[in-house]
Amino acid sequence: MPEESMRSPAAEYLRCCHDILERIEQTQMDTIRRVALMCADCIVADGLVHLFGSGHSRMAVEEIFPRYGSFPGFHPIVELSLTYHNPVVGANGQRQAMFIERTEGLGQIILRNFEFGPHDLMMVFSTGGTGAVAVDVALEARRLGMPVIAVTSLAHSRASRPGHSSGRRLFEVADVVLDNCAVEGDAMVPVAGLQTPVGPGSTIGNTALVNAIKCEVAQLLTDRGQPPLVLTSATFVGEDESRRLFDSAYDDYRRRVRRL
């Protein structure tokens, strides 16, 4: 019996995740370093790396900041109408969120709330890369003079029909594209007797990419004499120092975003 047919679905999912990480290491390292340099240059100049993601891409935004092992310089932009998934149906349900995600013009309205600076960047997360809001955010950020970094699945996006009236997908409007290496359709694991695959991989790819970037940025900032204020567990530094670092990081974040 072939080895693949003997694997449990759980083991197959883990193998697929390993494949994603391997593809990222083989194909994305140069782009990771390029993006990290862009982010470090931005942060050193007191700019902000703005982060936008709708739907489940919100998870990638919050993976960058704020959480343990992260630091100020990044500005999460999360719109609850596009990301509040837990009700599923009823008020604030998924049908509404998916409808809104396809609505052109909302991206510009969201960005209208902020005062962007000359050194700022915009990073937009969308695995499919076809939603009108994600494309609008990227287009508006470019109009405002910000370089745009897209984090997407090229395999999935190239196989998908554009949902924006421009006829373009996120990777086609960005200055730099990071491929999260998720497969077309995202779900990776066939299950015997089930017609459709399960187990999406984009979260694995996104998480690996953003943390790899974050680690590179931390090294670059430290090398330039501006070591970041890292949200650090008491396990590493003790409770008093952990509290001090958290307060210092939050104060620094408040200073950085005050102009918005």
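The values are calculated or read from the model by the stated rules, or taken from the named source; none is laboratory data. A quick note: this is a predicted structure, and the numbers were derived from the prediction, not measured. As a convention, Cβ positions derive from the backbone with ideal geometry for all residues, glycine included, and neighbour counts pool all protein chains shown. Each accessible area value is taken on the protein alone, full model and side chains, heavy atoms only, with ligands, DNA and RNA left out. Shrake-Rupley method; radii C 1.70, N 1.55, O 1.52, S 1.80 Å.
Shape verdict for the range 49-173, please, from the Cα gyration tensor: rounded (a/c under 1.5), prolate (a/b greater than b/c) or oblate.
Verdict is rounded for the range 49-173.
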Output the relative contact order of the range 5-113, whole-number percent, from Cα pairs under 8 angstrom with separation of 6+ residues. 16 percent
Over the chain, what is the percentage of antiparallel beta bridges among all DSSP beta bridges, to the nearest 5? 10 percent
Length-normalised contact order for the chain - Cα pairs under 8 Å, 6+ apart - percent: 23 percent
For the range 41-139, what does the accessible surface come to per residue with a 1.4 Å probe? Please give it in Å². 42 Å²
Considering every Cα-Cα pair within the range 87-244, what fraction, in whole percent, is farther apart than 28 Å? 37 percent
Rounded to the nearest percent, how much of the accessible area of the range 1-145 (1.4 Å probe, protein heavy atoms only) is carbon and sulfur? 54 percent
Can you give me the solvent accessible area of residue 19 with a 1.4 Å probe, rounded to the nearest 10 Å²? 40 Å²
Under 12 Å, Cβ to Cβ, from residue 65 - net charge with Lys/Arg +1 and Asp/Glu -1: 0
Which net charge results for the neighbourhood of residue 122, defined as the other residues with beta-carbon distances under 13 angstrom from its beta-carbon, given Lys and Arg at +1 and Asp and Glu at -1? -2
